[in-house]
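Just below is one structure, and these are the notes that go with it.
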Protein chains: 2
Amino acid sequence: MRDFNSKKPPVKKAAAVKKPPAKELQTKQKAERKPVPKKSSARQAKKADNLKVIPIGGLNEIGKNLTVLEYKDQMILIDCGMTFPEDEMYGIDVVIPDFSYLVKNAHKILGVVITHGHEDHIGAVPYLLKQINVPIYGTRLPLGLIENKLKEHGLKAKLNTIKAGDKFKLGDFKIEAIRTTHSIADAICLYIQTPVASLFHTGDFKIDYTPIDGEPIDLAKFAEIGRRGVDLMMADSTNALRPGYTASEKVVGKTLDGIFREAKNRILIATFSSNVHRVQKIIELAVKHGRKVAVSGRSMENVVALAVELGYLHIPAGAYVELNKTRNIPDNELVIITTGSQGEPMSALSRMANNEHRNVKLKKGDMVILSSTPVPGNEKTVSSVVNKLYEKEVEVIYNDIADIHVSGHACQEELKLIHTLIKPKFFMPVHGEYRHLVQHSVIAESIGMRKDRIFILSNGDQLTVDKRNAVKFHNVVNAEDVLVDGLGVGDVGNIVLRDRKLLSESGLIIVVSAIDRASGEIISGPDIVSRGFVYVRENEDLINDAKKIAHQALEDSLEAGNRDWSGIKNSVREELRKFIFRKTKRSPIILPIFLDV
Amino acid sequence: MRDFNSKKPPVKKAAAVKKPPAKELQTKQKAERKPVPKKSSARQAKKADNLKVIPIGGLNEIGKNLTVLEYKDQMILIDCGMTFPEDEMYGIDVVIPDFSYLVKNAHKILGVVITHGHEDHIGAVPYLLKQINVPIYGTRLPLGLIENKLKEHGLKAKLNTIKAGDKFKLGDFKIEAIRTTHSIADAICLYIQTPVASLFHTGDFKIDYTPIDGEPIDLAKFAEIGRRGVDLMMADSTNALRPGYTASEKVVGKTLDGIFREAKNRILIATFSSNVHRVQKIIELAVKHGRKVAVSGRSMENVVALAVELGYLHIPAGAYVELNKTRNIPDNELVIITTGSQGEPMSALSRMANNEHRNVKLKKGDMVILSSTPVPGNEKTVSSVVNKLYEKEVEVIYNDIADIHVSGHACQEELKLIHTLIKPKFFMPVHGEYRHLVQHSVIAESIGMRKDRIFILSNGDQLTVDKRNAVKFHNVVNAEDVLVDGLGVGDVGNIVLRDRKLLSESGLIIVVSAIDRASGEIISGPDIVSRGFVYVRENEDLINDAKKIAHQALEDSLEAGNRDWSGIKNSVREELRKFIFRKTKRSPIILPIFLDV
């Protein structure tokens, strides 16, 4: 067993930790948080000689996975992911977990162990490292992806490479990385033993007996670990609502082989850049069918370069061609692998569909394959790209038409298999919306697990585990969404979002006037300026009438001897609000600004 | 044959038509429109002795169906629907077709013929009637639904009831209404003969041999019409990408019967209020299983009341119970039919899920059935409601789990059947996004139709048809989206939408100052007011620095002798923009307002 502790102290001194200013930890709904545990006292939750499992993100959502394991004064983290904003999170770029508990306990954290390289498992690493300095442990591909991220953020960190089969120690945590299969290469499960309890975390997985890299999930090891004993299992619930089995990645290869065989012209194929196995298969098929391969889209270029460098992707000599050198290659000898399978507006495929791609002009007869399924919420952007491709008389093949994508997550029968092999004493479904977690617990029950041994937690809850007991505590740590907008982390909260929503719905009207407060004389204005409300030039009457209303309300207020700015503003706002609503049935934000001159 | 012409003149004199102010016809992308026909001259497009078919809405979209048929100086319209706004149409309530061509030709319009009562076929009728006075023709259910709408808008109109099997004349248009089956009762197809060409319009349809009301689609009549000869067919393309057949509504009844039989507690079932047949089936099943029925949600209450009144819905004596009288009914003797199957935030089901419903408190053991499929774009709102229902320990049954919904549109094999029966000379696929229209034309070709007889049009194009020829003309009439926001029809265009988008992303910053322009002296300010940008209270430094930047830029401008407001504003805006972007990587709208005092 490797012991990373013996090589260098993974525990940074608290003094070395860069404390963030308090405002950076502003969270979305802090006011709503009730910090009192429900089931037992806070004191009991803090009892030191148990293993505490605290999910900060990843429950009741598919995204921003981050779990804290705490034993005595030692902590390790599993994954550190981000998620994309909901529709109503106007202007937000990404959402990350609330790190306040980690910052407070930075001196206890021995490391972050990464299960695989998807954004919802690694995307928040740079944001964490900006606040605290902790070592990262993971297999080569996720670490390579993290390294690229750190470069973009101008950060450095100690990245410790592990590989499937490795055993290593972080303090009292004995960790074993086990090969699993998922829609990204180099994914692992974790078997973690502590003096008081052992834990098995599946990471994201499916059971693929025939993966592209020939390294199937290590079920024999699962069985062995089951024999050795697992107190708590945390397992992927994404597909808990789907009966049966998820098909092997091999199925996609077969479908694509048939499509490639029939294709007469250029083939463009869009998929997730992180799905290195699929990219490998596409390259193999291209070679088989006498085609060269080019790559388009920044993330595809980056991941392909990284995966080749790390040896996860093998491109036969002469098979690769630069995208800007593809013009002279006959159409029936070319495959272009591209980003944009989710219809992302700035992606390579969208730019091609909009005639905005520098190197690729789509033309009649081209075949475009979308090798993916729309992530919920992306259905309309995908349809929009597909329609534009049809307009170009391109042949479009997508999931509605053929089996060109498989999920990376285990369905119900696979989940039953894992439960049967691991035989955990206690079970916590993870990685899912609430309905997925519930359904996963129903599956566990259906194969004999006692209901009182299954724990559905929310982010911020805590499960305290030892060999005999597991107890759930509510709301032990802050775990709200932290919104990132540009450089701001957590500085956009409910009030700002509410204003953005109101502004987006009806725009705003500004009433501005200069007033001599002493005399109550209106020196200038009131003028009216609007944005996002109506075309001013075509609604001059409305705006002029509004100006009159505002003037009257202002004058009335001042003549009544009112010199209290906020009272005057309220009265002008209210008169204007009534007028505007009566005339337009709209409720723009009304902003009176009065200058005292 | 009934001749509505003989009873009263359907053609209102132009003088009687209320002309809308020009600004109300402002359309989204008017500037981009190129009004020159592509294939032939505008003069040829206007040739009088053809039948002209001009879709104003419903092509390259599923929504706001409206087609103009024009023969000599006579016009009839088929349907007049609305659609819901796209995500980027901030603040827009509904989208309606561009009526400008109709307003210009109001004196020629003999009537609007409605195929069925869905919103995308009747929703824009009130907006049309506000601009021109035309008679409406339709079966009883859609006319009843339209009448309710007109009441809400405070409008009156002459509604002319027809029934399936009726033949009637509007000017030179001989119209025959034929029974079809769809996901709303009382749907019809139209066979329309003119002296120069005949047309068959399927409306929205599926082929259901076993509909709930026992009135199957009139295939014998289709065959007869095929024998009589159809020059142009326009047919529903919604499901052209789906192979096979759409299942009969009866299938849903069977699934629900099984679910009702097993249910031990209260059943709540959400579905589209317009699906009167499904509501009928639910009522029958409730009675069969010894349950009473209550109804929740405004649109469900309205449609049920209307459908009962018109005889489309039969509720056995004693089966119905008022929602506020359900408290004393045992859980296993009650079914509540509700709106909200699409997760609409204000719907009855969402209010129940949020504990905000006055009469219905959900409780453990309740069964909630979502008898529908999420319309594309609604996936996330539906998931959100489902998760909330799971949190209430309610048993949730939805389309992911059981066959409790069927589509109302024909799949590929049904389309082939219709083509084979009608045997049209020319074909125009309608009611679909571009990919659906293309796929429908591929289907037509696959069963022997010549490609040069198939015409894919866009809204605003024209197909000129006679017995021998059909010719397509591009961009003959304006047919852009017209956006409705509150009382404003078409007064929100690209500029307003762009501002709303910018405001929603980063908010805005207002810089306000009072200046003596003559002397160049700053009398007051500059002050900074922001909305939707950052929490001001927690970012005082940033705002203060911004104020200094603005002050400096203003002073520099004034000291340089600049007295041109717009130049000064640009310089302040630019300095502030650079500063804010450097500090935050955000781009709020910056609005300098200077008062001359």
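The values are calculated or read from the model by the stated rules, or taken from the named source; none is laboratory data. Please read all numbers here as calculations on a predicted model, not as lab measurements. No Cβ is skipped: glycine too gets one built from the backbone with ideal geometry, and neighbour counts run over all protein chains shown. Quick note on the areas: whole protein, heavy atoms, side chains included, nothing else; ligands and nucleic acids left out. Shrake-Rupley method; radii C 1.70, N 1.55, O 1.52, S 1.80 Å.
Of note:
- Qualifying residue in region A:229-236 (condition: open to solvent by 20 Å² or more (accessible area, probe 1.4 Å) and either polar (S, T, N, Q) or part of a strand (DSSP E or B) (or both)): no
- Filter result (of a type in the set (Gly, Ala, Ser), in a loop (DSSP other than H, G, I, E, B) and either surrounded by fewer than 24 Cβ atoms within 10 Å (Cβ to Cβ) or not assigned by TED's automatic domain parsing to the domain that holds A:Ile225 (or both)) within region A:195-207: none
- Filter result (open to solvent by 40 Å² or more (accessible area, probe 1.4 Å) and not in a helix (DSSP H, G or I)) within region A:378-404: A:Asn378, A:Lys392, A:Glu393, A:Glu395, A:Asn399, A:Asp400, A:Ile401, A:Asp403
- Among the criteria (1) under 30 Å from A:Ile92 (Cβ atoms); (2) facing chain A (nearest Cβ under 7 Å); (3) out of contact with any Phe, Trp or Tyr (no Cβ under 8 Å at 6 or more places or on another chain); (4) surrounded by fewer than 20 Cβ atoms within 10 Å (Cβ to Cβ), the one B:Ile495 does not fulfil is (3).
- The residues of region A:532-552 that are facing chain B (nearest Cβ under 10 Å), open to solvent by 30 Å² or more (accessible area, probe 1.4 Å) and among the aliphatic types (A, V, I, L, M) amount to a single one, A:Val536.
- Scan of region B:405-429 for residues that are part of a strand (DSSP E or B) and within 14 Å of chain A (Cβ to nearest Cβ), ordered by number: B:Pro429
- Which numbered condition A:Asp452 fails, given (1) more than 14 Å from chain B (Cβ to nearest Cβ); (2) of a type in the set (Asp, Glu); (3) touching a helix residue (DSSP H, G or I) at 6+ places or on another chain (Cβ under 9 Å): (3)
- Matching residues in region B:210-228 - criterion: being in a loop (DSSP other than H, G, I, E, B) and either in contact (Cβ under 8 Å) with a residue 60 or more places away in the chain or buried (at least 18 other Cβ atoms within 10 Å of the Cβ) (or both): B:Pro211, B:Ile212, B:Asp213, B:Ile217, B:Asp218
- Applying the criterion of at least 1 residues that are within 20 Å of B:Tyr191 (Cβ to Cβ) to the helices (runs of 4 or more DSSP H) found wholly in region B:94-146 leaves B:119-122.
- Condition met for A:Ile523 (open to solvent by 20 Å² or more (accessible area, probe 1.4 Å), at the interface with chain B (Cβ under 7 Å from one of its Cβ atoms) and in a helix (DSSP H, G or I)): no
- Among (1) open to solvent by 30 Å² or more (accessible area, probe 1.4 Å); (2) at pLDDT 95 or above; (3) within 14 Å of chain A (Cβ to nearest Cβ), the one test that B:Gly432 misses: (1)
- Number of the exception - A:Tyr101 against (1) at pLDDT 95 or above; (2) open to solvent by 10 Å² or more (accessible area, probe 1.4 Å); (3) more than 18 Å from A:Ile56 (Cα to Cα): (3)
- Of all residues in region A:502-520 being assigned to a helix (DSSP H, G or I) and at the interface with chain B (Cβ under 7 Å from one of its Cβ atoms), the one that is most open to solvent (accessible area, probe 1.4 Å): A:Glu505
- Residues within region A:435-487 that are farther than 14 Å from A:Gly57 by Cα, open to solvent by less than 20 Å² (accessible area, probe 1.4 Å) and in contact with a His (Cβ under 8 Å, 6 or more places away or on another chain), tallied: 2
- Check on B:Ile269, surrounded by 18 or more Cβ atoms within 10 Å (Cβ to Cβ), assigned to a helix (DSSP H, G or I) and either modelled with pLDDT under 90 or touching a strand residue (DSSP E or B) at 6+ places or on another chain (Cβ under 6 Å) (or both): no
- Index of the failed condition, A:Asn478 passing every other in (1) within 11 Å of another protein chain (Cβ to nearest Cβ); (2) touching a Ser or Thr at 6+ places or on another chain (Cβ under 7 Å): (1)
- Scanning region B:294-334 for residues that are out of contact with any strand residue (DSSP E or B) (no Cβ under 6 Å at 6 or more places or on another chain) and of a type in the set (Gly, Ala, Ser) yields B:Ser299, B:Ala305, B:Ala307, B:Gly311, B:Ala317, B:Gly318.
- Neighbours by Cβ (under 8 Å, 6+ apart or cross-chain): first from region A:285-303, outside the structural domain of A:Ile146 (by TED's automatic domain parsing); second surrounded by 19 or more Cβ atoms within 10 Å (Cβ to Cβ) and of a type in the set (Phe, Trp, Tyr): A:Leu285/A:Phe260; A:Ala286/A:Phe260; A:Lys288/A:Phe260; A:His289/A:Phe260; A:Arg291/A:Phe260
- B:Gly561 vs. criteria in contact (Cβ under 8 Å) with a residue 12 or more places away in the chain, more than 42 Å from the chain's Cα centre (by Cα) and at positive phi: yes
- Within the set A:Val251, A:Val308, A:Val304, the sole residue that is of a type in the set (A, V, I, L, M, F, W, C) and crowded, with 19+ Cβ neighbours inside 10 Å turns out to be A:Val304.
- Among residues that are surrounded by 17 or more Cβ atoms within 10 Å (Cβ to Cβ), of a type in the set (Val, Ile, Thr) and not in a loop (DSSP other than H, G, I, E, B), B:Ile192 is included.
- Contact map, region B:162-173: residues that are farther than 12 Å from B:Asp186 by Cβ and not assigned by TED's automatic domain parsing to the domain that holds B:Gln193 paired with residues that are among the acidic types (Asp, Glu) and assigned to a strand (DSSP E or B), Cβ distance under 9 Å, separation 6+ or inter-chain. No pairs are found.
- Boolean, B:Gly408 is in contact with a helix residue (DSSP H, G or I) (Cβ under 6 Å, 6 or more places away or on another chain) and either touching a residue at least 12 places away in the same chain (Cβ under 8 Å) or assigned by TED's automatic domain parsing to the domain that holds B:Phe84 (or both): no
- Out of B:Ile225, B:Ile217, B:Ile212, sole residue that is assigned by TED's automatic domain parsing to the domain that holds B:Leu457 and out of contact with any strand residue (DSSP E or B) (no Cβ under 9 Å at 6 or more places or on another chain): B:Ile212
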